[in-house]
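The values are calculated or read from the model by the stated rules, or taken from the named source; none is laboratory data. Computed from a predicted structure; not experimentally measured. Every residue, glycine among them, receives a Cβ derived from its backbone with ideal geometry; neighbour counts consider all protein chains shown.
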Amino acid sequence: MLDQFAHVSWITIVGVAVIGLGLVCWANRRQSRPLLLAGVAGLALAAVLLAGRTLIVTDRARCEKRTAGLVDAANRNDWTAFATLLDEHTVVSTIGTLSIAGRKNIVTEVQARCGELGLKGISVRSLESKQDQTLITVDLVVASLQDATQDRPLTTTWQFDYEQTGKDWTLDTVTLIRVGNEPAQSISNYH
């Protein structure tokens, strides 16, 4: 319940606020106290939803932040920060082709791959998460600029699986799903 409250969409919050503001304005023109109270209630509800979204930090939000932090660290070539966001037994894979296990191996491979491609920048296009008991899955789409694509943005789709271990969440697997419009398993030269 608290998790759903903390993940109310921005469109919902803005929509409730606009309706509340509209009712306040309409009530003011008609001098209607019941409409004024309904509008103020709508604005108050929007404020409560906004507070819930910004103040409540859920496990999903922590995993989303950690995922975005990995992208940011790679973008800044900060491999120390990148390594701290991985777990010791994290596995990176493309569906059916490549698998890299362990923090140290992942950092070495990602750093080398970024150098080979001439990576110039990475930005998050979309980041969504869902939780199913002891598993949080974060779906991530990033765009990268690199020499290999002649500075044209290349989108890649990734899936990050976090598993609950006690009260903590460990990054278990990172899976490359798509490169551009192609499924990852059809890209033979990506690794």
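Of the candidates THR67, THR84, THR54, the single residue that is in a helix (DSSP H, G or I), in contact (Cβ under 8 Å) with a residue 40 or more places away in the chain and among the polar types (S, T, N, Q) is THR67.
In segment 102-155, of all residues being within 22 Å of the chain's Cα centre (by Cα) and in a helix (DSSP H, G or I), the one that is farthest from ARG76 (Cα to Cα) corresponds to ARG103. Being closer than 18 Å to HIS89 by Cα, of a type in the set (Ser, Thr, Tyr), surrounded by fewer than 17 Cβ atoms within 10 Å (Cβ to Cβ) and without any contact (Cβ under 8 Å) to a residue 40 or more places away in the chain holds for only one residue in THR134, THR149, and it is THR134. Checking ASN28, ASN77 one by one, the residue that is exposed (fewer than 13 other Cβ atoms within 10 Å of the Cβ) and outside any helix (DSSP H, G or I) is ASN77 and no other.
Applying the criterion of being of a type outside the set (A, V, I, L, M, F, W, C) and under 15 Å from GLN159 (Cα atoms) to the residues of segment 181-191, the residue that is modelled with the highest pLDDT is PRO183. Would it be correct to say that LEU43 is over 22 Å from LEU140 (Cβ atoms) and surrounded by 14 or more Cβ atoms within 10 Å (Cβ to Cβ)? For LEU43, the condition - over 22 Å from LEU140 (Cβ atoms) and surrounded by 14 or more Cβ atoms within 10 Å (Cβ to Cβ) - is met. When segment 3-18 is limited to residues that are small (Gly, Ala, Ser) and within 21 Å of the chain's Cα centre (by Cα), the one that is modelled with the highest pLDDT turns out to be SER9.
Filtering segment 92-117 to residues that are of a type in the set (Gly, Ala, Ser), in contact (Cβ under 8 Å) with a residue 24 or more places away in the chain and surrounded by 13 or more Cβ atoms within 10 Å (Cβ to Cβ) leaves only SER93.
Just to be sure, is VAL8 in contact (Cβ under 8 Å) with a residue 24 or more places away in the chain, of a type in the set (A, V, I, L, M) and not assigned by TED's automatic domain parsing to the domain that holds TRP169? It is true that VAL8 is in contact (Cβ under 8 Å) with a residue 24 or more places away in the chain, of a type in the set (A, V, I, L, M) and not assigned by TED's automatic domain parsing to the domain that holds TRP169. Taken over segment 152-163, the criterion of being surrounded by fewer than 17 Cβ atoms within 10 Å (Cβ to Cβ) and of a type in the set (A, V, I, L, M, F, W, C) is satisfied by LEU154 alone.
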